[in-house]
Amino acid sequence: LSEADSFLEAKALRVEAALRTIVNTWAGAPPLLVEAMAYSLFAGGKRLRPALAFGACELICGDDAPALPAACAIEMIHTYSLIHDDLPAMDDDDLRRGMPTCHVKFGEATAILAGDTLMTMAFDVLADTGRTDVIREVARASGVNGMAGGQILDLEAEENPVDLAGLQAIHRAKTGALIRCSVRTGAMLGGADAAQLDALTRYGEAIGLAFQIADDVLDIVGVEADIGKPVGSDAKSHKVTYPVLVGIDESRRLANEAIDEAIDALAPFDPTRAASLRALATYIIERDK
Ligand code: IPE
Ligand code: IPE
Ligand code: MG
Ligand code: MG
Ligand code: MG
């Protein structure tokens, strides 16, 4: 296993155990709702955002434990975004994390509510930090100028195509914001000072953009069994993507450029302690899933 793979594997185990504990506290809730939420939450997934939160926290304070509520909450919000992204009214996809999508399995109404509830309960989890700055950070990354804002721009661009600057803004919002937020909240909970937070913000923004460029490329060159979602979904929905605007080779070059920028942003940190975040940055453009 590469350094990134073993880091992701270890952090996935950690966040999944904590998510199980959270779901178990909902024992008295309507079973169908909890079943649909747990179905999507435990369908697999790379758990990249939790790994980034843990990694940033460890880099700052040498311990990943303070980041646990943020890691769980962000993975819950990310999972909600996937459930809604797959709905017939949005990207209309049938496969996610290698399984039938939430609405295929449970119906649209239940899938909508499962998404809504994952988002809401994420803030219940975040409240455990007692940190209004962290709660606000996640709300803003998910909200009008973050993921949800980016998702509506993505849908509008199906009808009114955007240029590369417009697409970059969509990618930074719909995907970049939550990735940046994972890094920032991990750092904040680790006790980062302003200069450390600035450096890690630059890292988070660069990998967030690169991640969605790589996702666009995988939608074309990926293998369904690896990516766990349909290949060609973007073309089917007439999405504007990096490969549509600049081709696959140039998309890869731009993603690589962003990763160089991310690695450069880690320069102020001890190279040994920054090794996991450096490995995750490279993983983002080299992954096949
Ligand atoms: C997919 O995210 C949706 C995007 C923001 C591109 P991931 O590729 O992180 O999906 P999982 O969590 O591993 O399933
Ligand atoms: C979605 O981008 C990003 C989200 C906020 C969920 P995509 O629509 O490209 O994500 P996939 O390819 O379906 O995972
Ligand atoms: Mg989409
Ligand atoms: Mg989609
Ligand atoms: Mg995609």
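The values are calculated or read from the model by the stated rules, or taken from the named source; none is laboratory data. Treat the numbers as computed from the prediction; the structure is a model and nothing was measured. Glycine also receives a Cβ, built like all others from the backbone with ideal geometry; neighbour counts cover every protein chain displayed. Quick note on the areas: whole protein, heavy atoms, side chains included, nothing else; ligands and nucleic acids left out. Shrake-Rupley method; radii C 1.70, N 1.55, O 1.52, S 1.80 Å.
Filter segment 61-101 down to the residues that are in a loop (DSSP other than H, G, I, E, B) and not charged (D, E, K, R) and list them by number. So that I can check it myself, show each step before the final result.
First, the residues of segment 61-101 that are in a loop (DSSP other than H, G, I, E, B): 62-64, 86-94, 97-98, 101.
Result: Gly62, Leu87, Pro88, Ala89, Met90, Gly98, Thr101.
Table: residues versus (1) among the aromatic types (Phe, Trp, Tyr); (2) under 26 Å from Ala10 (Cα atoms); (3) under 20 Å from the mean Cα position of the chain (by Cα).
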| site | (1), (2), (3) |
| --- | --- |
| Asp215 | no, yes, yes |
| Asp219 | no, no, yes |
| Gly232 | no, no, no |
| Val246 | no, no, no |
| Ala267 | no, yes, no |
| Ala274 | no, yes, no |
| Tyr283 | yes, yes, yes |
| Asp288 | no, yes, yes |
Quick one: would you say Ala165 is more than 17 Å from the chain's Cα centre (by Cα) and buried (at least 19 other Cβ atoms within 10 Å of the Cβ)?
no
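Within segment 197-216, can you find the residues that are among the small types (Gly, Ala, Ser), more than 16 Å from ligand 2 (Cβ to nearest atom) and in contact with a Leu (Cβ under 8 Å, 6 or more places away or on another chain)? Show your work before the answer.
Narrowing segment 197-216 to residues among the small types (Gly, Ala, Ser): 199, 204, 206, 208, 210, 214.
Those left that are additionally more than 16 Å from ligand 2 (Cβ to nearest atom): 199, 206.
Of everything in segment 197-216, just one residue is among the small types (Gly, Ala, Ser), more than 16 Å from ligand 2 (Cβ to nearest atom) and in contact with a Leu (Cβ under 8 Å, 6 or more places away or on another chain), namely Ala199.
Only one of these is out of contact with any Leu (no Cβ under 9 Å at 6 or more places or on another chain) and touching a residue at least 40 places away in the same chain (Cβ under 8 Å): Ser6, Ser40, Ser2. Name it. Spell out how you get there, then give the answer.
Working: Ser6 fails: touching a residue at least 40 places away in the same chain (Cβ under 8 Å); Ser40 fails: out of contact with any Leu (no Cβ under 9 Å at 6 or more places or on another chain).
Exactly one of Ser6, Ser40, Ser2 is out of contact with any Leu (no Cβ under 9 Å at 6 or more places or on another chain) and touching a residue at least 40 places away in the same chain (Cβ under 8 Å), namely Ser2.
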Answer from Ile263, Ile220 - the residue that is touching a helix residue (DSSP H, G or I) at 6+ places or on another chain (Cβ under 6 Å), modelled with pLDDT of 95 or more and within 12 Å of ligand 5 (Cβ to nearest atom)
Ile220
Would you mind telling me which numbered condition in (1) in contact with a helix residue (DSSP H, G or I) (Cβ under 6 Å, 6 or more places away or on another chain); (2) over 26 Å from Ser276 (Cα atoms); (3) within 16 Å of ligand 1 (Cβ to nearest atom) Phe106 fails?
(3)
Taking segment 176-189 and keeping only residues that are touching a residue at least 40 places away in the same chain (Cβ under 8 Å), in contact with a Ser or Thr (Cβ under 9 Å, 6 or more places away or on another chain) and within 12 Å of ligand 1 (Cβ to nearest atom), one is left with Leu178
So, in segment 79-101, how many residues would count as being within 19 Å of the chain's Cα centre (by Cα) and away from ligand 4 (no atom under 13 Å from the Cβ)?
4
Please go through segment 79-96 and pick out each residue that is in contact (Cβ under 8 Å) with a residue 24 or more places away in the chain, open to solvent by 20 Å² or more (accessible area, probe 1.4 Å) and not hydrophobic (A, V, I, L, M, F, W, C).
Tyr80, His84, Asp85, Asp92, Asp94, Arg96
Determine whether Ala275 is in contact with a Ser or Thr (Cβ under 8 Å, 6 or more places away or on another chain), open to solvent by less than 80 Å² (accessible area, probe 1.4 Å) and aliphatic (A, V, I, L, M).
no
Pairs with Cβ under 6 Å, 6+ apart, first in segment 59-73 and in contact (Cβ under 8 Å) with a residue 24 or more places away in the chain, second open to solvent by 10 Å² or more (accessible area, probe 1.4 Å) and among the basic types (Lys, Arg)
Leu59/Arg273
Here the residues within segment 110-160 that are of a type in the set (A, V, I, L, M, F, W, C), crowded, with 20+ Cβ neighbours inside 10 Å and within 16 Å of ligand 3 (Cβ to nearest atom) are Ala111, Met147
